[in-house]
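First the structure, in the form of structure tokens, and then the observations on it.
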Amino acid sequence: MDCIFCKIVAGEIPATLVGESEHSIAFKDISPRQPIHILVVPREHHSNVAELAFANPDALVDLVQLGSHLAEQHSSGSFRLTFNTGTEAGQTVFHAHGHITSTTPKK
Ligand code: 5GP
Ligand code: ZN
């Protein structure tokens, strides 16, 4: 499958990894829109967060836990976790992922 995030999960293309867990990996967004902008991505391919939630709820919980942990490490602890779902909502990569964004890096 020609999926850029599957290739990052497989280590076939580079990314700046910032964390990993049983079901998820996390890396810096290539074009950050906030001072902190991390993507949390399930290792398994599902095309969006809704499909992930039904197919593998454990992986979704794991993703939120990893994202929260990294938000604590990298930001003030005040952060957003967003899942663009569908083209009209701005989704451009059709492998489920959450955006962890924060305006305030940890001091
Ligand atoms: P979406 O628009 O689907 O919610 O989010 C996709 C995100 O993936 C965008 O913020 C985009 O900058 C990021 N992105 C796309 N391709 C790559 C890549 O090859 N490496 C990394 N690190 N981020 C990517
Ligand atoms: Zn994929």
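The values are calculated or read from the model by the stated rules, or taken from the named source; none is laboratory data. Because the structure is predicted, anything quoted here is derived from the model rather than measured. Positions of Cβ are generated from backbone atoms using ideal geometry, with glycine treated the same way; all protein chains shown enter the neighbour counts. With ligands, DNA and RNA removed, areas are computed over all heavy atoms of the protein, side chains included. Shrake-Rupley method; radii C 1.70, N 1.55, O 1.52, S 1.80 Å.
E20: accessible area at probe 1.4 Å, nearest 10 Å²?
Its accessible surface works out to 130 Å², give or take rounding.
Mean shadow of the range 4-102, computed from the convex hull of its alpha carbons, in nm²? Each step should come with its number before you reach the end.
On the way: hull surface 22.8 nm².
Average of the hull's projected areas for the range 4-102 equals 5.7 nm².
Would you kindly derive the ³J(HN,Hα) couplings of the range 91-107 from the backbone phi angles with the Karplus curve 6.51 cos²θ - 1.76 cosθ + 1.60 (θ = phi - 60°), listing them in order in whole Hz, with x for Gly and Pro?
Ordered by residue, 3J(HN,Hα) equals 6, 10, 10, 9, 10, 3, 6, x, 9, 9, 10, 8, 7, 10, x, 5, 7 Hz.
Order the following by accessible area, largest value first: V18, V40, V61. Probe radius 1.4 Å; ligands, DNA and RNA are ignored.
On the way: V18 35, V40 0, V61 80 Å².
Heavy-atom accessible area, descending, gives V61, V18, V40.
Explain nothing, just the number: dipole magnitude of the chain about its Cα centre with +1 on each Lys and Arg Cβ and -1 on each Asp and Glu Cβ, in debye rounded to the nearest 20. Spell out each step's value before the answer.
Details: 7 positive and 11 negative charges, 109 e Å.
With only Lys, Arg, Asp and Glu charged at Cβ, the dipole is about 520 debye.
What's the angle, to the nearest 10 degrees (0 to 90), between helix 57-74's Cα axis and the longest principal axis of the chain?
Roughly 20 degrees between the two axes.
Pop out the ³J(HN,Hα) list for the range 75-90 in order, Karplus 6.51 cos²θ - 1.76 cosθ + 1.60 with θ = phi - 60°, rounded to Hz; leave Gly and Pro as x.
10, 4, x, 9, 8, 10, 10, 10, 10, 5, 10, x, 4, 5, 8, x
Given H placed 1.01 Å from N in the peptide plane, which residues other than close sequence neighbours of S47 have an amide H under 5 Å from its amide H?
Distant-sequence amide H within range of S47: A96.
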